[in-house]
């Protein structure tokens, strides 16, 4: 003959089983961990992209800083930009110089002739450096291109 369990004891046992939390934290961790890893990967990818953009900007500034003192040395400006860029990123610099009026008009590339300025304007040298590179994200993110172009342009007046 089977032994009958009183109803109140059956209810108490089922309630205690429902309240047990053994293994819940493991299940919660397993559910949350992929989301946290995806957020971390996104943060790392964005950080790498901003770092690459800062390197491209710094290379342009360094090349023009050299060009201020040696405006006709286009190869030197390019070399300064490439040297400043880290080995992790390839920067493609394009350097130019020229003459223009002090208000920015009548620009003449390579100073092949003197610009015609009004009597209140002076003729000044300028140097310009455009740097470009591409950034490839670590992961293929939806809605984001597989390569992101990075560019910087710096134009400064140079000494004569």
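Read-outs: derived from the displayed coordinates by stated rules, not from any lab. Since the structure is predicted, the reported quantities are computational estimates derived from the model, not experimental observations. Every residue, glycine as well, gets a Cβ built from its backbone with ideal geometry; the counts of neighbours run over all protein chains shown.
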- How far is helix 74-84 tilted, in degrees, relative to the longest principal axis of the Cα atoms in the chain, given as a value from 0 to 90 rounded to the nearest 10? 20
- Compute the Rg to Rh ratio over the chain from the alpha carbon atoms, using the Kirkwood formula for Rh, and round to two decimal places. 1.55
- Item | P(r) weight above 15 Å for segment 109-160, C-alpha pairs, percent | 67
- Message: Please report the antiparallel percentage of the DSSP beta bridges confined to the chain, to the nearest 5.
- Response: 100
- Item | For the chain, built as a Gaussian network whose Cα springs stay under 10 Å, the top-fluctuating residue of 103, 73, 45 | 103
- Compute the distance in nm between two label points, each set 7 Å from the Cα along the Cα-to-Cβ direction, one at residue 32 and one at residue 54. 3.0
- Query: Quick one: if the Förster radius is 35 Å, what FRET efficiency do residue 94 and residue 141 give, using the C-beta to C-beta distance and rounding to 0.05?
  - Reply: 0.70
- What angle do you read, to the nearest 10 degrees and between 0 and 90, between the alpha-carbon axis of helix 7-19 and the longest principal axis of the chain? 20
